[in-house]
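Down below is the structure, laid out as structure tokens.
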Amino acid sequence: KAGVTQTPRYLIKTRGQQVTLSCSPISGHRSVSWYQQTPGQGLQFLFEYFSETQRNKGNFPGRFSGRQFSNSRSEMNVSTLELGDSALYLCASSLARQGTMNTEAFFGQGTRLTVV
Amino acid sequence: QQQVKQSPQSLIVQKGGISIINCAYENTAFDYFPWYQQFPGKGPALLIAIRPDVSEKKEGRFTISFNKSAKQFSLHIMDSQPGDSATYFCAASGAFGNEKLTFGTGTRLTIIP
């Protein structure tokens, strides 16, 4: 079974630009979550999508947005990039089925975004 | 109330020894507690997880101990090996529909020969 796939692996963008990151979950997984990892703030939850709907949202500004498609693939967009947005962006997928170990989340390798 | 506190920040253990990492939480709505292992340049990998109706779970050399009344849980790595050198994160999440993970700050574990 293929794992969570994130593309691209590395990105360099300029302040003010916008960026789109992609995540393909494990086959059959219905929930996709996004996390930001930085040395200073650690792993922070951005948002979670389930059946194409945003189900949970973290404390990030509106510049951070996402969506999920009918095949469960997800994209995350950051507009008007700031230097502080430089981070490893991680996507996690889970089965999200009630009554099981539904919250087992499996992470991709991440997209390393550098804003210059 | 969403915080998960993890200690120590870094840990050095001799090969063959026991590595112990501790976490504490405040939100009693949490009902799932996983541990993740992360190597440089990689995403976190799920190591082992526990629910609060169980006080201990063992998988190979890895054991989670869970104390519901104290709201604490810990990871024990028995017979620690150099390949275990990585950063370990504890996490907690809620029930179905509220599965966002709240992570601890991480423990950098180094196993020395």
ask   = Only one of (1) within 14 Å of another protein chain (Cβ to nearest Cβ); (2) open to solvent by 20 Å² or more (accessible area, probe 1.4 Å); (3) more than 27 Å from B:GLN3 (Cβ to Cβ); (4) modelled with pLDDT under 95 is not met by A:HIS29, so which one is it?
value = (2)
query = Taking A:ARG112, is it surrounded by fewer than 21 Cβ atoms within 10 Å (Cβ to Cβ), part of a strand (DSSP E or B) and free of Cβ contacts under 8 Å to residues at least 40 places away in the same chain?
reply = no
ask   = Do we find that A:SER65 is in a strand (DSSP E or B) and more than 22 Å from A:GLY3 (Cα to Cα) in this structure?
value = yes
Candidate set: region A:43-99, residues that are over 14 Å from the mean Cα position of the chain (by Cα) and open to solvent by less than 20 Å² (accessible area, probe 1.4 Å); chosen: the one farthest from the other protein chains (Cβ to nearest Cβ) = A:LEU81
note = Restricting region B:103-113 to residues that are away from chain A (no Cβ under 13 Å) and in contact with a strand residue (DSSP E or B) (Cβ under 7 Å, 6 or more places away or on another chain), the one nearest to B:GLN9 (Cα to Cα) turns out to be B:LEU109
task = Among the strands (runs of 3 or more DSSP E) lying completely within region B:42-102, list those that include at least 1 residues that are open to solvent by 50 Å² or more (accessible area, probe 1.4 Å) and within 12 Å of chain A (Cβ to nearest Cβ).
result = B:56-59
ask   = Within region A:1-60, which strands (runs of 3 or more DSSP E) (wholly inside it) include 1 or more residues that are among the acidic types (Asp, Glu)?
value = A:42-50
ask   = Within region B:25-41, which residues are assigned to a loop (DSSP other than H, G, I, E, B) and more than 9 Å from chain A (Cβ to nearest Cβ)?
value = B:GLU26, B:ASN27, B:THR28, B:ALA29, B:PHE30, B:PHE39, B:PRO40
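Restricted to region B:103-113, and to residues that are surrounded by fewer than 18 Cβ atoms within 10 Å (Cβ to Cβ) and at pLDDT 95 or above, which residue is nearest to B:SER19 (Cα to Cα)?
Ranking the candidates gives B:THR110 first.
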remark   = In region B:17-30, anything touching a strand residue (DSSP E or B) at 6+ places or on another chain (Cβ under 8 Å) and at pLDDT below 95 is listed as B:ASN27, B:PHE30
query = From the list B:LEU11, B:LEU47, which one is hydrophobic (A, V, I, L, M, F, W, C) and under 20 Å from A:CYS91 (Cα atoms)?
reply = B:LEU47
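Just to check your reading of the model, which residue among B:LYS58, B:LYS68, B:LYS100 is out of contact with any strand residue (DSSP E or B) (no Cβ under 9 Å at 6 or more places or on another chain), free of Cβ contacts under 8 Å to residues at least 24 places away in the same chain and of a type outside the set (Asp, Glu)?
On the way: B:LYS58 fails: out of contact with any strand residue (DSSP E or B) (no Cβ under 9 Å at 6 or more places or on another chain); B:LYS100 fails: out of contact with any strand residue (DSSP E or B) (no Cβ under 9 Å at 6 or more places or on another chain).
When all the criteria are applied, what remains is B:LYS68.
The values are calculated or read from the model by the stated rules, or taken from the named source; none is laboratory data. Predicted model, so just to flag it, every value in this text is computed and none were measured. Reconstructed Cβ throughout: ideal geometry from the backbone, glycine too, with neighbour counts over all protein chains shown. Quick note on the areas: whole protein, heavy atoms, side chains included, nothing else; ligands and nucleic acids left out. Shrake-Rupley method; radii C 1.70, N 1.55, O 1.52, S 1.80 Å.
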